[in-house]
Amino acid sequence: MGLCTKKSVLVAGVWYRYDIENADAMIFLLGIVQKRSKFGYSYDVTMSQLKGISGGAHEVSMTLFFACNKKEIGPVQ
């Protein structure tokens, strides 16, 4: 469950990850979206019983967007 918002080229979000029995993590995201790419940094704050051991997790991501030509799909023969 989470929320993500975009303002101009900046994107930010927060998510709560859980399962039926326990809370797992809160995830925070900051990023920059450009025409053909997206760069992001997220941090997972551990909320489960592992919080004293793991200390959370850092993630850096890069997404590339490719232009694709749409194909007409005709009737099945």
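The values are calculated or read from the model by the stated rules, or taken from the named source; none is laboratory data. Note that the structure is a prediction, hence the values are computed from the model and not measured. Glycine also receives a Cβ, built like all others from the backbone with ideal geometry; neighbour counts cover every protein chain displayed. Surface accessibility is based on the protein's heavy atoms, side chains included, excluding ligands, DNA and RNA. Shrake-Rupley method; radii C 1.70, N 1.55, O 1.52, S 1.80 Å.
Accessible area per residue of region 3-77 at 1.4 Å probe, in Å²? Display every interim value, and only then the final one.
Values: 6630 Å² over 75 residues.
Per-residue accessible area for region 3-77 comes out at 88 Å².
Accessible area per residue was computed with a 1.4 Å probe on protein heavy atoms; Ile53 scores about 140 Å².
Determine the shape class of region 8-77: with a ≥ b ≥ c the square roots of the Cα gyration tensor eigenvalues, call it rounded for a/c under 1.5, and otherwise prolate if a/b is greater than b/c, oblate otherwise.
Values: a/c = 3.67, a/b = 1.81, b/c = 2.03.
The shape class here is oblate.
What whole-number distance in Å separates the alpha-carbon centres of region 20-47 and region 54-75? The two parts, judged by their Cα centres, are 16 Å apart.
Sequence-distant contacts, meaning Cα pairs under 8 Å at least 6 residues apart, place the relative contact order of the chain at 20 percent. The simple spin-label model puts a point 7 Å past each Cα toward its Cβ; for Ala67 and Met1 those points are separated by 4.2 nm.
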